[in-house]
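Chemist: Just passing along the structure, written as structure tokens.
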Amino acid sequence: MSLYQLYYSCIYPTISDGLNHIFKAVAWCVVYRITTQTVKIPQQFSHIVSIACGSMVMYHFFGHHLFYMLAQGVIAYLSLVASSSGSKKVNGWMCMLICISFLLICELFIVDAVHWHMIRAAQMLVAMRAISIGFQLDENVLPNLPKPLPYFGYLYNVGTVSFGPWIPYKDYLNIETHNHCLGRCVVNILKTFVLSLLFLTVSACFTLWLIPSGSSKWFLAYRDAMSFRTSHYFVSYLSELTSLAAGIDTSQTGRWSVTVTRPWHVELPRSLVEVVIHWNVPMHTWLKTYVFRVARPYGTFFAILGTYGLSALLHGLNFQLAAVLLSLGFYTYTEHAIRQKLASVFSACIQARKCGSNCGHQWKESHWAVRICNFCFSLLAMFHLAYLGLMFDSSKLQEEGYSWLHAIKKWKWLNFSSHWIIVSTFAFNYLI
């Protein structure tokens, strides 16, 4: 297929369909921003506008299934009311238990698989926001449980309700104070708009065009994994776009930016540890703050697997996703441990995370041997990414989620090679 044929058969219809949805989401973000940030209005009315505009966006993308998102928010708030009335600080854990139970009940008994797969990510974001409020109450970051209007305004804010990202409650409350440097905001909105469409076309069109179906299985594995990753970048930049359009600025410096993903750190990774950090920055921050640090006293290995396990539960009962997340937990622990041990033995900057300028290693990042070693680790990380991302293909199964048989079949096609390598690495790390 020529590039001309690709444009008319794939690129043009893909962009047209994408623009139709993007413009509707951004339009409601602009309505919210003009209504609440161009004129002085009562704060309670701002929360009402946030809920109303967010509900319109939810209805556009999810139809009457927005009821489940509204119900989850109400149930989570009732659990916070009940737990905050006691003397023990269990708001976060109680809300987490209630939210995860609600998600599992909906998935197993109430919503059909196709529609649940459609709303699952948005449901998870509602749960994350409610749970974060619970933990902030426990840590006295919030002195009291927010009133219903600001609470629901935060949960269903138009800029974050459908695509994310998760933002702290304080960033939602500070939206109205960010009325400066609008020129910079417009520039960043245009940048995220272009990048979102670019990654959409790469995912839907260019990966299949550049690596045809007759290629070797490892090229096909890389193609399917790349298609999945670029679709994630599309959604991530779209979430940045809607957040900025709604007036959200998480930079803390007034630079009008919202960072959700960093594709260059994922496509050319130093390590799988960095892939996890930069894949979804807000999600990583949430898990690190409210799960990993809480579980850290029980041991690093337990904390890592517990964090990935909870992430899998929030994503739903999906064997394929759970298998990838739990595998990533084991992979990142093993990679971090072996590279930390090798860095200590050879006194070289070859750890999973880049060393600071004042580290005590003898051989720094600029040394040729260190560069070669880090480059080899990067290639190994890319290999693992292709293997793990293979099962997220574009088959019809993606509309309702993939079965465990699909996951095993995909990895068996590649002889479980990545798992064998990481198990061998774990054994080597244990022996030395």
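The values are calculated or read from the model by the stated rules, or taken from the named source; none is laboratory data. Because the structure is predicted, anything quoted here is derived from the model rather than measured. Positions of Cβ are backbone-derived with ideal geometry, glycine not excepted, and every protein chain shown enters the neighbour counts. Each accessible area value is taken on the protein alone, full model and side chains, heavy atoms only, with ligands, DNA and RNA left out. Shrake-Rupley method; radii C 1.70, N 1.55, O 1.52, S 1.80 Å.
Chemist: For a quick check of your reading of the model, give me the residue pairs whose first member lies in the stretch 188-202 and is in contact (Cβ under 8 Å) with a residue 12 or more places away in the chain and closer than 12 Å to Arg229 by Cα, whose second is assigned to a helix (DSSP H, G or I) and small (Gly, Ala, Ser), with beta-carbon atoms closer than 7 Å and at least 6 apart or on different chains.
Modeler: Pairs found: Leu200/Gly18.
Chemist: Which one of the conditions (1) open to solvent by 70 Å² or more (accessible area, probe 1.4 Å); (2) in contact (Cβ under 8 Å) with a residue 60 or more places away in the chain; (3) under 16 Å from Asn174 (Cα atoms) does Met1 fail to meet, given that it meets all the rest?
Modeler: So Met1 meets the others, but not (3).
Chemist: Where in the stretch 4-93 are there helices (runs of 4 or more DSSP H), lying fully within it, with 1 or more residues that are in contact with a Ser or Thr (Cβ under 6 Å, 6 or more places away or on another chain), of a type in the set (Gly, Ala, Ser) and surrounded by 14 or more Cβ atoms within 10 Å (Cβ to Cβ)?
Modeler: By residue number, 12-37, 43-62.
Chemist: Residues of the stretch 335-390 being surrounded by 14 or more Cβ atoms within 10 Å (Cβ to Cβ), of a type in the set (A, V, I, L, M) and part of a helix (DSSP H, G or I), which ones?
Modeler: Scanning the stretch 335-390 gives Ala337, Ile338, Leu342, Ala343, Val370, Leu380, Ala381, Met382, Leu385, Ala386, Leu388.
Chemist: Do any residues in the stretch 295-320 that are open to solvent by less than 20 Å² (accessible area, probe 1.4 Å) have Cβ atoms under 7 Å from those of residues that are of a type in the set (D, E, K, R), where the two are at least six apart or on different chains, and which pairs are they?
Modeler: Ala303/Arg296; Gly316/Glu107; Gly316/Arg120
Chemist: Any residue at all in the stretch 129-148 that is open to solvent by 60 Å² or more (accessible area, probe 1.4 Å), assigned to a helix (DSSP H, G or I) and of a type outside the set (D, E, K, R)?
Modeler: Yes, there is a match, as at least one residue in the stretch 129-148 is open to solvent by 60 Å² or more (accessible area, probe 1.4 Å), assigned to a helix (DSSP H, G or I) and of a type outside the set (D, E, K, R).
Chemist: Only one of Ala127, Ala122, Ala82 is out of contact with any Asp or Glu (no Cβ under 8 Å at 6 or more places or on another chain) and either hydroxyl-bearing (Ser, Thr, Tyr) or without any contact (Cβ under 8 Å) to a residue 60 or more places away in the chain (or both); which?
Modeler: Ala82
Chemist: Could you please tell me which pairs satisfy a Cβ distance under 7 Å, a separation of 6+ or placement on different chains, a first residue in the stretch 386-397 that is over 16 Å from Asn318 (Cα atoms) and at pLDDT below 75, and a second residue that is surrounded by 21 or more Cβ atoms within 10 Å (Cβ to Cβ) and not basic (Lys, Arg)?
Modeler: Matching pairs, first to second residue: Ser394/Ser227.
Chemist: Considering only residues that are of a type in the set (Val, Ile, Thr) and open to solvent by 30 Å² or more (accessible area, probe 1.4 Å), which ones fall in the stretch 263-280?
Modeler: Val276
Chemist: Can you pull out every residue in the stretch 303-341 that is more than 15 Å from the chain's Cα centre (by Cα) and among the hydroxyl-bearing types (Ser, Thr, Tyr)?
Modeler: Answer for the stretch 303-341, where residues must be more than 15 Å from the chain's Cα centre (by Cα) and among the hydroxyl-bearing types (Ser, Thr, Tyr): Ser327, Tyr331, Thr332, Tyr333, Thr334.
Chemist: Can you pull out the residues in the stretch 198-250 that are assigned to a helix (DSSP H, G or I), among the small types (Gly, Ala, Ser) and over 27 Å from Val186 (Cβ atoms)?
Modeler: Of the residues in the stretch 198-250, the ones assigned to a helix (DSSP H, G or I) are 198-210, 217-245.
If we keep only those that are among the small types (Gly, Ala, Ser) too, we end up with 203-204, 221, 225, 227, 231, 236, 239, 243, 245.
Correct list: Ala204, Ala221, Ala225, Ser227.
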